[in-house]
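Below is one structure, written out as structure tokens; the observations come after it.
None of the figures in this text is laboratory data; all of them are computed from the coordinates on show. Please read these numbers as outputs of a predicted model, since none were measured by experiment. Because the Cβ atoms are built from the backbone with ideal geometry, glycine has one as well, and the counts that use them run over all protein chains shown.
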């Protein structure tokens, strides 16, 4: 599963609470003076796939999964239900990374740090088959 630079997690950006993750990252950033944070999603993410199935096809899951999906679905706006499944999933993974970035950037802590120019927050997707990390524009 993906990690956030200097903030390892066994959960993906899709399932890791954005506020808790920023608090953990912020603490490490202060102690380690980390100048760069990367929100790293990955291809074929099961959480994003489940969120797409819920949003586009009305799939239902157990309540604890539904709670996780509630954090992902709002970031999946504009994904065409007519696209092939693989294309939907690729766009969904990228959308989830961008949504995670947006949620972190909205926190007062991130805004304060960004204003000083002390750190940078970027998004990327890990391509499992090739091992390539593709940074998002």
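Rounded, prolate or oblate, given the Cα gyration tensor of segment 57-120, with a/c below 1.5 counting as rounded? Here segment 57-120 falls in the oblate category.
Which order do peptides 96-109, 35-48 fall in by mean Cβ count within 10 Å, highest first? It would help to have the intermediate numbers written out before the result.
Values: 96-109: 18.7, 35-48: 20.6.
Highest-to-lowest ranking by the protection proxy: 35-48, 96-109.
Using DSSP, restrict attention to beta bridges with both residues in segment 30-137 and report what percent are antiparallel, rounded to the nearest 5. Walk me through the numbers on the way to the answer.
On the way: 4 of 11 bridges.
Given both bridge residues lie in segment 30-137, the antiparallel proportion sits at roughly 35 percent.
Output the relative contact order of segment 27-134, whole-number percent, from Cα pairs under 8 angstrom with separation of 6+ residues. Kindly include the intermediate steps, with their values, before the conclusion.
Values: 116 pairs, mean separation 44.4, N = 108.
With pairs under 8 Å counted, the relative contact order is 41 percent.
Global dimensions of segment 18-135 from alpha-carbon coordinates: Rg and Dmax equal 15.6, 47 Å.
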